[in-house]
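Below is one structure; the comments refer to it alone.
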Amino acid sequence: MKTFKKIVLGGAALVVVLAAAGLALTHQGEIAPQASIPTAEFSPQQIAKGKLLAAMGDCAVCHTAANGKTNAGGLAMPSPFGTIYTSNITPDVQTGIGGWSFEAFERAMRHGVDREGNYLYPAFPYTAFSRVTDEDMKALYAYLMSEPAVEYTPPKTELNFPYNVRRGIAAWNWLYLKPGVVKDDAAQAPEWNRGAYLVEGLGHCSACHTPRNGLAAEKTGADHFAGGSAEGWDAPALTARSASPLPWTHADLVTYMKDGYSPRHGVAAGPMAPVAHGLAQQSEADLNAIATYLMSYRDANAAPGDAQALIKEKTATPKLALDSEGYRLYQGACMACHRADPSGSTFGVRPQLALNTSLHAAAPDNAILSVLEGIQKPAHPELGTMPAFRHNLSDAQIATLLNTMRAQYGLQEWKDLSAKVGQLRQQTSASEH
Ligand code: HEC
Ligand code: HEC
Ligand code: HEC
């Protein structure tokens with residue numbers, strides 16, 4: 001009995017000591033606000049470079065609310081733990097980061113801790129940004145600090161217990177944050193290393209394209225780029241697990257990043273559209289580097305396949321009666337724009353759905369969302385928009401239509417599709433235009 005009591009007391013003492021140590025270790029001090037922005041230290045070249053880097057890192061995509069001012073924050077990011085609002089990262093001293101020295105900015109980007117010492121939620125992809133070089137970090141800082149200051153206080157992020165205890169993120173960081181610049185792999189060519197740096201660093205491609213574990217951290221190993229999710233969309237696998245009917249080639253990837261569209265695969269829609277918009281501003285050399293790196297996640301020697309032959313194979317012979325409901329819906333709602341022979345199309349690109357990853361994926365989400373919401377914000381205006389069918393087609397009609405297309409393309413039908421359409425219709429009804 002005595003020994004038992006000792007163990008309990010000893011255990012309790014240990015817990016107290018560990019908790020105190022934990023608090024001490026996770027304490028991050030405030031970095032004093034800077035008296036003024038050191039504009040004289042920024043060169044025009046550095047600012048121009050920082051602008052490109054910001055496009056690569058999609059800063060404005062997340063830090064700008066609908067109809068809000070660029071980088072003034074306030075975009076609502078739904079997470080499994082509650083809604084997180086992005087911060088104002090314009091150089092306004094009161095409401096933005098005008099008072100942040102480079103040291104404070106760098107600590108946020110590399111360690112996910114704000115100027116006052118509060119831990120930031122990893123919805124901010126600092127796990128990727130922590131891998132950026134000092135030189136690029138300084139250019140980003142110079143650019144952001146040279147943009148117009150916007151006085152705006154975004155809504156406060158208020159998550160439920162225990163997620164509102166920001167200190168808890170220290171434990172998450174301890175497990176999942178690996179700060180340090182992306183290391184060159186001596187066995188690889190410089191172009192591959194440049195690609196790895198861009199993809200794993202500022203590009204944060206894996207934030208969306210890698211599945212996450214129960215603690216919302218990216219899975220690793222063979223799961224890297226094996227397909228994740230973003231804002232209700234499926235971010236397809238960028239590896240050999242891709243559902244794309246034609247294999248992605250190096251040239252396909254470059255075209256997709258440059259134009260927001262690959263004629264052999266489809267468009268960059270949904271959350272990929274603004275990402276593709278930022279990618280299009282990067283140099284040809286950098287896009288080639290990204291493609292080189294990503295190609296090492298799949299069989300780079302696979303035969304590219306013949307797009308025209310595959311379209312013909314998938315669409316030449318109707319698989320169901322032509323007067324079936326699915327075909328009638330397709331003819332009425334889709335064919336004018338998406339027919340196999342696109343000659344006569346007047347405006348925008350018309351992706352060949354027989355080659356589209358969304359229609360061939362295991363999950364129906366992207367195809368459903370494209371039909372329900374249409375594509376209102378393409379990566380580039382010249383790609384054209386697609387109308388929303390939310391008000392024209394019922395859940396059952398969309399299900400019949402999509403499963404008829406699946407059958408036509410030689411694919412298994414998606415199960416419980418009508419219910420899934422209903423779910424996504426409800427989830428997206430708030431953003432209805
Ligand atoms: C995927 C969305 C996303 C992207 C992309 C993103 N951020 Fe953020 N960022 C956030 C969120 C969310 C927060 C707030 C986190 C919190 O409140 O804990 C944040 C916070 C910050 C902060 C801390 C600001 C403060 O006042 O505490 C800085 C600095 C920052 N981001 C800079 C950047 C820069 C620079 C880029 C581009 C290279 C960028 N962010 C890209 C989502 C994003
Ligand atoms: C904010 C989330 C997000 C980020 C960040 C992101 N992607 Fe995507 N990506 C998506 C989504 C969603 C799709 C599906 C788009 C569609 O179906 O039109 C996609 C599609 C793609 C595709 C087409 C895949 C296919 O088979 O059709 C490629 C290639 C791609 N992304 C490359 C990249 C690269 C390279 C990066 C980093 C520079 C990146 N993505 C960053 C969300 C993201
Ligand atoms: C008025 C012309 C038009 C009609 C009608 C139309 N689309 Fe589209 N569709 C487009 C355009 C243009 C795009 C490319 C949009 C962009 O710029 O990103 C597109 C893209 C798509 C995509 C590609 C999404 C991706 O991730 O690559 C799918 C899937 C799609 N349409 C399905 C359909 C279906 C199913 C119908 C019928 C219900 C339909 N479309 C009707 C014009 C149309």
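The values are calculated or read from the model by the stated rules, or taken from the named source; none is laboratory data. From a predicted model like this one, the values you see are computed outputs, not experimental measurements. Here the Cβ is made from the backbone with ideal geometry for all residues, glycine too, and neighbour counts use every protein chain on show. The area values use the complete protein model at the heavy-atom level, side chains included, leaving out ligands, DNA and RNA. Shrake-Rupley method; radii C 1.70, N 1.55, O 1.52, S 1.80 Å.
Couple of notes before you dig in:
- Meets criteria (out of contact with any strand residue (DSSP E or B) (no Cβ under 9 Å at 6 or more places or on another chain), on the phi > 0 side of the Ramachandran plot and not charged (D, E, K, R)) for G305: yes
- For region 46-73, a residue qualifies if it is among the β-branched types (V, I, T) and either at pLDDT below 95 or under 15 Å from A280 (Cα atoms) (or both), and exactly one does: V61.
- Qualifying residue in region 218-231 (condition: within 16 Å of ligand 1 (Cβ to nearest atom), crowded, with 18+ Cβ neighbours inside 10 Å, not basic (K, R) and not in a loop (DSSP other than H, G, I, E, B)): yes
- Of all residue pairs spaced 6 or more apart or on separate chains, those with beta-carbon atoms under 7 Å, a first member in region 46-70 that is more than 16 Å from ligand 3 (Cβ to nearest atom) and assigned to a helix (DSSP H, G or I) and a second member that is among the hydroxyl-bearing types (S, T, Y) and open to solvent by less than 40 Å² (accessible area, probe 1.4 Å) are I47/Y143; G50/Y143; K51/Y143; A54/Y143; C62/T86; H63/T86.
- Taking the numbered list (1) assigned to a loop (DSSP other than H, G, I, E, B); (2) within 16 Å of ligand 2 (Cβ to nearest atom) in turn, N392 passes all entries but (2).
- Subset of region 239-269 (residues that are open to solvent by 40 Å² or more (accessible area, probe 1.4 Å) and more than 13 Å from ligand 3 (Cβ to nearest atom)): A240, R241, P247, H250, A251, T255, K258
- Filter result for G82 (open to solvent by 20 Å² or more (accessible area, probe 1.4 Å) and touching a Leu at 6+ places or on another chain (Cβ under 9 Å)): yes
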